[in-house]
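Report on the structure given below.
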Amino acid sequence: MTTQAIPTVQILKSVDRGHADHGWLKARHSFSFANYYNPEQMGFRSLRVINQDRIAGGGGFPTHPHRDMEIFTYVLSGELKHTDSMGNEGSIRPGQIQLMSAGSGVTHSEFNGSSEEEASLLQIWITPERQGLTPSYTDWAPSAQQRSSKKALLISPDGREQSATIHQDAYIYRLKLEAGETVSHDLKEGRGAWVQLIKGKLQVNNADISTGDAAFTEENGSISLTAIEHTEALFFDLK
């Protein structure tokens, strides 16, 4: 009987992320972004940006351009309003996501849907499988089964399990666990895993992480994720 390998996990502590304070926007950067530069944190495989943004009431990002990037927004609290040059317009709330393929070029704006209450979100950029794609936009909301699942697939390259589709060999899961609950993930050879903890405390194989921390590995094998307290996280399986 073959014993499956247990990957060793590394940690990026929340306090070691970059920080920006623009008044209306307070942000934490897992990787180098804008005025924050850390040559040791330029991304992880195809994962290029994880920004945790807090947007004051009435604040937002005016119309600006992007190209050749898959941009994924996961709302933590409040409401985010989106408009873009493809004619898309809408709002997303916690539990919902938006996925925009900037492709050959697109402009968009993002604003807090409330003039008073703060909105918080994770903005995530993933490099696409190729450049010059036709821009596209998807609003996605989980099914009842996905909402109640401990490990729900949000994004995949082929739309399996009713997930949103991304132009990259990337699988992104949302984890929601109560204290003592465990899920696992088999990381195949040649792939990497990144766990971004949104809230709670989580044991990832040999490592304990807390709100805002990340755990990551590029060793194949079985990854066990056990909640120490009520936990919400995003799990990335990347080529």
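The values are calculated or read from the model by the stated rules, or taken from the named source; none is laboratory data. Just so we're clear, the structure is a prediction, and the values are computed from it rather than from any experiment. Glycine also receives a Cβ, built like all others from the backbone with ideal geometry; neighbour counts cover every protein chain displayed.
Quick rundown of the values:
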{"item": "Test for Ala170: is it buried (at least 16 other Cβ atoms within 10 Å of the Cβ), in contact with a strand residue (DSSP E or B) (Cβ under 8 Å, 6 or more places away or on another chain), among the small types (Gly, Ala, Ser) and not assigned by TED's automatic domain parsing to the domain that holds Gln98", "result": "yes"}
{"item": "Segment 132-161, residues that are over 24 Å from Glu178 (Cα atoms) and either hydroxyl-bearing (Ser, Thr, Tyr) or touching a residue at least 12 places away in the same chain (Cβ under 8 Å) (or both)", "result": "Gly132, Leu133, Thr134, Pro135, Ser136, Tyr137, Thr138, Asp139, Trp140, Ser156, Pro157"}
{"item": "Per-region count, segment 119-163, residues crowded, with 18+ Cβ neighbours inside 10 Å, within 17 Å of Val106 (Cβ to Cβ) and small (Gly, Ala, Ser)", "result": "0"}
{"item": "Residues being in contact (Cβ under 8 Å) with a residue 60 or more places away in the chain and in contact with a strand residue (DSSP E or B) (Cβ under 9 Å, 6 or more places away or on another chain) - total across segment 200-217", "result": "12"}
{"item": "Tabulated pairs, segment 1-14, first at negative phi, second part of a loop (DSSP other than H, G, I, E, B) and at pLDDT below 95, C-beta under 6 angstrom, 6+ apart or interchain", "result": "Val9/Asn206"}
{"item": "Criterion: modelled with pLDDT under 95 and more than 25 Å from Leu99 (Cβ to Cβ) - qualifying residue of Asn206, Asn220", "result": "Asn206"}
{"item": "Where Ser32 falls short, out of the listed (1) loosely packed, with under 14 Cβ neighbours inside 10 Å; (2) under 28 Å from His185 (Cβ atoms)", "result": "(1)"}
{"item": "Among residues of segment 91-122, those that are part of a strand (DSSP E or B) and of a type in the set (Ser, Thr, Tyr), counted", "result": "5"}
{"item": "Wholly enclosed strands (runs of 3 or more DSSP E) of segment 9-77 bearing at least 1 residues in the same structural domain as Ile124 (by TED's automatic domain parsing), of a type outside the set (Gly, Ala, Ser) and under 18 Å from Asn112 (Cβ atoms)", "result": "18-21, 25-29, 47-55, 60-66, 70-77"}
{"item": "Where Ser30 falls short, out of the listed (1) under 18 Å from Gln123 (Cα atoms); (2) without any contact (Cβ under 8 Å) to a residue 24 or more places away in the chain", "result": "(2)"}
{"item": "Among the residues listed as Leu175, Leu197, Leu234, Leu238, the single one being without any contact (Cβ under 8 Å) to a residue 40 or more places away in the chain and under 17 Å from the mean Cα position of the chain (by Cα)", "result": "Leu197"}
